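For reference, the structure discussed in these notes is given below.
The values are calculated or read from the model by the stated rules, or taken from the named source; none is laboratory data. In this text, all values refer to a predicted model and were calculated from it rather than measured experimentally. Every residue, glycine among them, receives a Cβ derived from its backbone with ideal geometry; neighbour counts consider all protein chains shown. Accessible surface is based on the protein model in full, side chains and every heavy atom, while ligands, DNA and RNA are left aside. Shrake-Rupley method; radii C 1.70, N 1.55, O 1.52, S 1.80 Å.
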Amino acid sequence: MSIHTAHLSIRNLQKTYPKTTAPAVDDVCLDVAEGELVALLGPSGCGKTTTLRMVAGLLDPSAGEIVVNGKDVVSTPVHKRRMGMVFQSYALFPHMNIAENVSFGLQMRRLSRAEAAKKADEALDMVQLGHLRDRRPAELSGGQQQRVALARALVIEPTLLLLDEPLSNLDAKLREAMRHEIRSIQQRLGTTTLFVTHDQDEALDMADRIAILNNGRIEQYAPPSEVYDRPATRFVANFVGKANFLDVENVEKLGNDTYRVKTNEFGVLEVRGVDGLDPTRASLVVRPHRLTTTRVDESVKSSRPASIGEVIATSYTGNVQSYEVRLNESAVLRVDQLTDTLRDLRMGDRVQLTFDPAEAYLVSDE
Amino acid sequence: MTLTQMGSRKRTTGFRSRRRWELFGLLFPGLLGIFVGFVLPVFVMFRMSLNTHGTGGQLVESVSLGAYRDALTDPFYWEVIGNTLVLGLGCGAAATVLSYPLALFLVRTTSKWKGVLIALAIAPLLTSAVARTYGWIAILGDQGVINDSLMRIGVLDAPIQLSNNLLGTTIALVEILMPYAILAMISGFGRISPSLEEAAGSLGASKLKTFVRITLPLSLPGVFTGFLLVFVLAISSFVTPRLLGGGRVFILATEVYNEATQTLNWPLASALSVILLVVFGLMIAVYQRLIAKFEG
């Protein structure tokens, strides 16, 4: 399969469904570079699938532009957009066998039967399903159907690959294997890809960049590590990974992205944060694995900010041991640490929590 | 296999056989009802068809194929069988074609009136076929709405024959039976996911190609069911052919009635009924073949 890819630019895209007042997609702007895989991440109802369906041409936008390779495609009907779409339900044609399913798009493009069959076989080999070409979709497992759907979408050499929650119907083990398979095929072919998911792990694992949507708006659009380490808003920090939020007061701007803040629990700190946030509506994010615990009886004077509390809950997930530590009436922090029998804490233990302020991040509360 | 496994297996077999008896017990009243109300009458009818009709009109107990010979050697009855098939196939085809878009719309609409619309589509079933047939007589008759209007505006000089024949009977039966076709297709179409059509579109199929390659083939089982239902109801219909046919439409159902109540030739009436049953049976066999082909 040849590389046939595109640059996608979504400009001020908006969709308001009939008989609703709040737009489902509200002024979304998104630039996707050639060969990039971008995840649209958000809770259900955030507008991610609506956005994808508008790009695919399955839904008409209320306003805005969808520019593919410099051309606005909003008025182009779906069957002329040449976008490969993988549906959540896979949407394989039940009355056709696997080979017919994969070659359907090629036949629609008026390739000769022989040529279509040859390309379909190549695509099936790519997803390692060549031996099942004569089966019906119903005879395949969920993971195999998923791969057929992927082959069917890719065989037409789409300008964009659009994936709508493609892994949500698979079990956990298979989901992880498919993540890597989809990602490696996508990288090998260099196909520009939009990927809708509500699963933050999937987005962090697969995407070059993540657009986090909430109530139809993009809250942040950045590479995974930036989304995780420097979330733009409280919503992003909460949605991607686990987060502790500390109330702050007396926020004082020191530089572009550095602030001095006062917290009840850890005193005055110098931290980094979102540029230009409203000082009266900000919270400090501390990721659970950035916190370290020491038993109070063995605690040493730390140069780092420290606070003492009581372990009120523990949970064990194999490699990670989590604690909830109550510092005062309003602050209960979650601590994740790699399992270590020597430092095993129990309910009721008094512990000192510390963290490196350089690893905390001040975010906007909206 | 270890001892405990054998023990547990034995237990489950015992459990299963007890369960089988329980299931049979639960099914028994229904089976009895079917036997008494359906199997037995059909058997009695079949037995009756083997009797003979005496010259004086009396019933002669015998085992003979005389009634069948009478039915199948008389060209009149071949015409009756032909008429019956024409009526059944014609009604089936017309009702299916007319109901298809309605059923597809009713399945797909997201309107909040969907439930009301479906109820409206099948509401004609609330009126008896007799009343609806008289309605059609008023429309299709020589002085009916159609002929009267066309003659008044000068399109026709003399009325065209729309009643007292097979055409009028077919028109009325199609309307009367359409609700069944719509219901059968609605249940048949439910399993066609709209995402299949979206997938076809994204793969480059136009709306027309999507319909021909995806929607239509997947809807065929529902279409066959609707067709079969209308066919079966049409060839067994009696009221409409009798009233709208004006005694000039001869089909198996009306002839069975004539033989049974007027000529009092019960063996022949029974033989014609058995022939009608055979037509049903053949149609159901064809239907099962088609369903197996398109659903497999």
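Each Lys and Arg adds +1 at its Cβ and each Asp and Glu adds -1 at its Cβ; summed about the Cα centre, chain A shows a dipole of about 1100 debye.
Can you give the relative contact order of the stretch B:74-295 as a percent, counting alpha carbon pairs under 8 Å and 6+ residues apart? Rounded, it is 28 percent for the stretch B:74-295.
Rolling a 1.4 angstrom probe over the protein heavy atoms with all chains in place gives the protein assembly as shown an accessible area of 50 Å² per residue.
From the alpha carbon centroid of the stretch A:317-366 to that of the stretch B:113-144 is 74 Å. Per-residue surface analysis assigns A:ASP257 an accessible area of about 60 Å², computed on protein heavy atoms at 1.4 Å probe radius. The spacing between the stretch A:92-123 and the stretch A:259-313, judged by their C-alpha centroids, is 59 Å. Any of A:LYS80/B:LYS209; A:LYS19/B:LYS112; A:LYS15/B:LYS207; A:LYS80/B:LYS207; A:LYS19/B:LYS114 with alpha carbons more than 19 Å apart? Name them for me. Listed pairs above 19 Å: A:LYS15/B:LYS207.
Of B:ILE139, B:ILE81, B:ILE34, the residue with the greatest mean-square motion in the GNM of chain B, using alpha carbon springs below 10 Å, is B:ILE34.
Of A:ALA91, A:LEU213, A:VAL251, which is farthest along the charge dipole of chain A in the positive direction, counting Lys and Arg as +1 and Asp and Glu as -1 at C-beta? The residue sitting most towards the positive pole is A:ALA91. From helices alone, the protein assembly as shown scores -14500 deg cm²/dmol at 222 nm; the rule is -39500 (n - 2.57) for each run of n ≥ 4 DSSP H residues, then divide by the residue total. Buried surface between chains B and A: roughly 1800 Å² of accessible area, summed over both sides, computed with a 1.4 Å probe on protein heavy atoms only. Screening chain B for DSSP H helices whose Cα atoms reach 15 Å or more along their own axis and whose mean Kyte hydropathy is at least -1.0 gives B:3-34, B:75-108, B:129-140, B:166-189, B:216-235, B:266-295.
Of B:LEU216, A:LEU327, the order by accessible heavy-atom surface (1.4 Å probe, DNA, RNA and ligands excluded), from most exposed downward, is B:LEU216, A:LEU327.
Rounded, prolate or oblate: which one fits the stretch B:74-295, using the alpha carbon gyration tensor with axes a ≥ b ≥ c (rounded when a/c is under 1.5, else prolate when a/b beats b/c, else oblate)? Oblate, because a/c is 1.5 or more while a/b does not exceed b/c.
Label-to-label distance, B:LEU31 versus A:LYS19, with points set 7 angstrom from Cα along the beta-carbon direction: 5.0 nm. Is the shape of the protein assembly as shown rounded, prolate or oblate, going by the alpha carbon gyration tensor and its root eigenvalues a ≥ b ≥ c, with a/c under 1.5 for rounded and a/b larger than b/c for prolate? In terms of gyration-tensor shape, prolate.
For A:TYR316, B:TYR100, the ranking by accessible surface with the largest value first comes to A:TYR316, B:TYR100, using a 1.4 Å probe. Computed over protein heavy atoms with a 1.4 Å probe, the carbon and sulfur contribution to the accessible area of the protein assembly as shown reaches 58%.
Ordered from highest to lowest accessible area with the whole protein assembly present and a 1.4 Å probe, B:LYS207, B:LYS293, A:LYS19 read as A:LYS19, B:LYS207, B:LYS293.
In this rough spin-label picture, where each label sits 7 Å from Cα along the Cβ direction, the A:LYS118-B:GLN58 distance is 8.7 nm. Roughly what % of DSSP beta bridges within the protein assembly as shown run antiparallel, to the nearest 5? Expressed as a percentage, antiparallel bridges in the protein assembly as shown total about 75.
Using only side-chain charges placed at the Cβ, +1 for Lys and Arg and -1 for Asp and Glu, the dipole size of the protein assembly as shown relative to its Cα centre rounds to 1520 debye. For A:TYR17, the residues whose modelled amide H falls within less than 5 Å of its own, excluding neighbours fewer than 5 places apart on the same chain, are A:ALA24.
In the assembled protein chains, A:SER168 presents an accessible area of approximately 40 Å² (probe radius 1.4 Å). Shape class of the stretch B:141-237 from the Cα gyration tensor (axes a ≥ b ≥ c, square roots of the eigenvalues): oblate, since a/c reaches 1.5 or more and a/b does not exceed b/c.
Counting only residues at least eight positions apart within a chain, or on another chain, the aspartates and glutamates with an alpha carbon under 14 Å from that of A:LYS173 are A:GLU181, A:ASP201, A:GLU202.
For chain A, modelled as a GNM whose springs connect Cα atoms under 10 angstrom apart, the maximal fluctuation among A:GLY273, A:GLY105, A:GLY255 occurs at A:GLY255. In a simple Cβ point-charge model (Lys, Arg +1; Asp, Glu -1; nothing else charged), chain B has a dipole of about 1880 debye relative to its Cα centre. Of the residues B:LEU166, B:LEU32, B:LEU196, the one that moves most in a GNM of chain B with alpha-carbon contacts below 10 Å is B:LEU32.
In nanometres, what is the gap between the two model label sites at B:ASP142 and A:ASN250, each 7 Å from Cα along Cα-to-Cβ? Between B:ASP142 and A:ASN250, the simple spin-label model gives 10.9 nm. Computed from the C-beta positions of A:GLU366 and A:TYR316, the FRET efficiency with R₀ = 45 Å rounds to 0.80. In the assembled protein chains, A:HIS131 presents an accessible area of approximately 140 Å² (probe radius 1.4 Å).
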